[in-house]
Amino acid sequence: LTEDETNPIARVNKEMLNTYISGMSNNALLTGVVKQMGSAMTEAKMNKEILTKVSELTTNLTKTFSKSFNVDPSKISSAFKLKYTEEEIRRIITAMLTNSEASAKSNLISFGYQDVEEPTLIAFYFNSFEGKENFLNFLDNYNEEIEKVNKDKVINYSDTTGILMNSVKTIVDAVSYVLIGFVSISLVVSSIMIGIITYISVFERTKEIGILRSIGASKHNISSIFNAETFIIGLLSGMFGIGISYILIPIINGVIHHFTGNIPLNAYLSIKNASILVTLSVILTLIGGFIPSRSAAKKDPVEALRSE
């Protein structure tokens, strides 16, 4: 607005302007709004100044306290000492970790007291594995019968020695199976070699076979000659191996005792097992020489006599 009367765009009447301003000033609603705005602005400014002062005061107090107090961890740790033995501490920890509620009966059991009429645990110690197995069989039979009548009287047991022995047996069986695999491979290879040696022997003695057939030897006689040779080879090789084993057994036992101490562990080969091994050797050699002996028996005597 302008008071310039020459300006045609805006003209201001002073009386009307004064009247309008006076009316607005006397308006109660507008006056209340202005007062509220002024009060709010004043309160906001005061809050801002107060918060700023409080923040500065807190920062100063923090710095002052951090400089005033110096904590020595070693002195604090030395001020607290537990006057408990290791056994007492173990009992406290055990009691804290135990979920069951303590009672007079449970406390007596913990101290080693037990009523003979109401046993909670019975331990049996056997002087032989046979006795243990017989006792376990007795318990199994008892449980099987009593379960039909009253399941509450079934005896629950744990065979600690049996569990350990089963673990050891599993390991020993695994090692035994591996060794049996290696031995089987060696037996198959040896049988093949015996068959090759017998076949070479038949090839080199072709003329001898022709002479035997010409003087009246039958095919069965020729086959029996080579079978007898393979039998002798198998018997001698088996006895030779058993003899070497008996010679090496004391040396092996000495080495075992040297590295493991004086424990009752010895390598041993019984006469029965030795006989089985010799028999197995003979059977394998006979199997290896069977085909070459049959080949020798089927040779034509005329062609055998012509060979050089």
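Report the Cα centroid-to-centroid distance between segment 144-169 and segment 244-278 in angstrom, as an integer. Measuring centre to centre over Cα atoms gives 37 Å. Taking packing as the residue-averaged number of other Cβ atoms within 10 angstrom, the listed peptides 287-294, 218-225, 193-200 run from highest to lowest as 287-294, 193-200, 218-225.
If a/c stays under 1.5 just call it rounded; otherwise compare a/b with b/c (prolate if a/b is bigger, oblate if not). Do that for segment 200-308, with a ≥ b ≥ c from the square roots of the Cα gyration tensor eigenvalues. Since a/c reaches 1.5 and a/b is larger than b/c, the shape of segment 200-308 is classed as prolate. Accessible area per residue for segment 200-264 is 66 Å², calculated with a 1.4 Å probe on protein heavy atoms, without ligands, DNA or RNA. For segment 124-171, a/c is not less than 1.5, where a ≥ b ≥ c are the root eigenvalues of the C-alpha gyration tensor, and a/b tops b/c. That puts it in the prolate class.
Within the accessible area of segment 150-306, what % is carbon and sulfur when the probe is 1.4 Å and the other protein chains stay in place? Heavy-atom surface of segment 150-306 belonging to carbon and sulfur, 1.4 Å probe: 71 percent. May I ask which of LYS169/LYS272; LYS105/LYS132; LYS132/LYS153 have a Cα-Cα span longer than 27 Å here? Violating the 27 Å Cα-Cα cut-off are LYS105/LYS132.
The values are calculated or read from the model by the stated rules, or taken from the named source; none is laboratory data. No experiment lies behind these values; they were computed from the predicted model shown. Backbone-built Cβ (ideal geometry, glycine too); neighbour counts: all protein chains shown. Protein only, heavy atoms only, side chains kept; ligands, DNA and RNA dropped before computing areas. Shrake-Rupley method; radii C 1.70, N 1.55, O 1.52, S 1.80 Å.
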